[in-house]
Amino acid sequence: MQQGDQEAVALLYERYGGAAYGLAYRITSDGSAAEDVVQDAFVSLWKQAPRFDPERGQVRSWLMTIVHHRAIDAVRRRKGRNERALPEGPEEFVATRGRPEELAEWTLEAEAVREAVRQVPDEQRRTIEMAYFEGLTHVEIAERMAVPLGTVKSRLRIGLEKMRAYLRPRVVE
Amino acid sequence: MNCEEAEDLLGAWALDALTDDERGEMAAHLRSCARHAAAAADWRATAARLAATADVVAPPPALRSRVLQAIAATPQDGVARPVLAGAIPRAGDQQRRRPPPVAAARRRFFELRPAAWAAVAAVLVAAVIGLGAWNAVLQRRSGADVGRLATRASSVSALRMNGTQNAGVVVYYANEKKALIVTDGLPALNAATQTYQLWAISGGRARSLGLLPAPVGGSSVAVVPFDAGSAQRIAVTVEPPGGSAQPTTPPVLVADV
Ligand SMILES: [Zn+2]
């Protein structure tokens, strides 16, 4: 076990703990569940750290994806529903150290994403948020909103496409 | 599932909103269709960005020590397995992945290299550098991550502290009328009694740009609305918690944008 690594995780916690806790809390609406999610996510980050290519990707993307999955799982367990298998998820991201310029990039990106979401019409945005923050399937969303399934599919698709088009020139991959 | 149906479900797939049956069929289609596999990865990356729209909330202070204790009690995965950027992993796929280059495998993931960042920053902030010069510097550096920040920038300026040039940078985006402030070597304050506050200075008048987040390891980052047409200088002062209406102390950091 490397002392330096533990210090690095502490540093990442200083930088991203608030964002991780904010996302977990938004999804679970429960402080103690959100704490468990954040703890699990940082432990996963720690366990899997040796697998990452240090030169590529963003550690925060990866961390936030884990937080999202764990938080959605917690909500589903609470509702007595089966957890769904994780999508390909975290391994699509690879991690780097939490460097100042990465933090800076994320700050800029968060700004751009908030702007992008503001460009999406209300109904499409609400539909996307029900999927992302509540973990509902499109069938469940259709029931909840009392609209046909086809409407939900196209709202998810068109809304996300608007976000994507808005972000493409603004967020450098 | 055919291509038309897959196309139709891209949004729901990216947001993990498919039913279990649909998800299985979609996954099967993505394994056999390169076009939709690429599209699905792209859409999912967009969906993942929604994380940034949740408010940042300070966790309870006790969580930090809980996390660090849990980490101290948890062994790391022993074997370094490569993770390829953009790859969509599949069950049973692990053994077919390329092993990592030896040099990369030797490097510790968490090895922090503030010196590399400081070196780039030092070159950049030696003077107010135009975009062309910034790019030239970046092309000579392997730390191209920094370059991604600069690709849309209109100007880069030095942050000065007590006459030294190496206190960070201000990157100005004219199109968006925004400034990105990155500090380097900024001392921590006692949050109970003091905070850093940002100001736009124009003709001797100061307008608050808000509080600067507490620095971690000397580094703090903020994005603020800023128009170089109406103010030419950004300053940082030490103020009481919550900030002041006007600066009450001399600036500790200054940049001419
Ligand atoms: Zn296809």
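Bear in mind that the values in this text are calculations on the coordinates, not laboratory data. This is a predicted model, so every value here is computed, not measured. Neighbour counts are summed over all protein chains in view; Cβ atoms, including those assigned to glycine, are modelled from backbone coordinates with ideal geometry.
Computed from phi, the 3J(HN,Hα) profile of the stretch A:149-161 under the Karplus parametrisation 6.51, -1.76, 1.60 (θ = phi - 60°) reads 4, x, 5, 5, 3, 6, 5, 4, 5, 5, x, 5, 4 Hz, with x in place of Gly and Pro.
Counting only other chains, what is the mean number of Cβ atoms within 10 angstrom of the Cβ of each residue in peptide B:65-74?
Per residue, the average neighbour count from other chains is 6.
Across peptide A:136-145, the average count of Cβ atoms from other chains found within 10 Å of a residue's Cβ is 3.
What separates the Cα centres of the stretch B:208-241 and the stretch A:102-143 is a distance of 28 Å. Peptides A:114-120, B:44-50, ordered by how many other C-beta atoms sit within 10 Å of their residues on average, highest first, read B:44-50, A:114-120. Let a ≥ b ≥ c be the square roots of the eigenvalues of the Cα gyration tensor of the stretch B:3-48; is it rounded (a/c under 1.5), or, if not, prolate (a/b larger than b/c) or oblate? Oblate, because a/c is 1.5 or more while a/b does not exceed b/c. The stretch between residue B:8 and residue B:69 holds 17.4 nm of extra length on full extension. This uses 0.36 nm per residue minus the Cα-Cα distance. Note on the stretch A:98-173: Rg/Rh from C-alpha atoms, Kirkwood Rh, equals 1.09. Phi-derived couplings, Karplus 6.51 cos²θ - 1.76 cosθ + 1.60 at θ = phi - 60°, listed residue by residue for the stretch A:67-80: 4, 4, 4, 5, 5, 4, 4, 4, 5, 5, 4, 4, 7, x Hz, with x used for Gly and Pro. For the residues of A:18-28, the average number of beta carbons from a partner chain within 10 Å of their own beta carbon is 5.
Sorting the segments B:6-19, B:181-194 by their mean number of nearby beta carbons within 10 angstrom, highest to lowest, gives B:6-19, B:181-194. Karplus-based coupling profile of the stretch A:25-37, in residue order and whole Hz: 6, 4, 7, 8, 6, 8, x, 6, 5, 5, 4, 4, 4, with θ = phi - 60° in 6.51 cos²θ - 1.76 cosθ + 1.60 and x standing for Gly or Pro.
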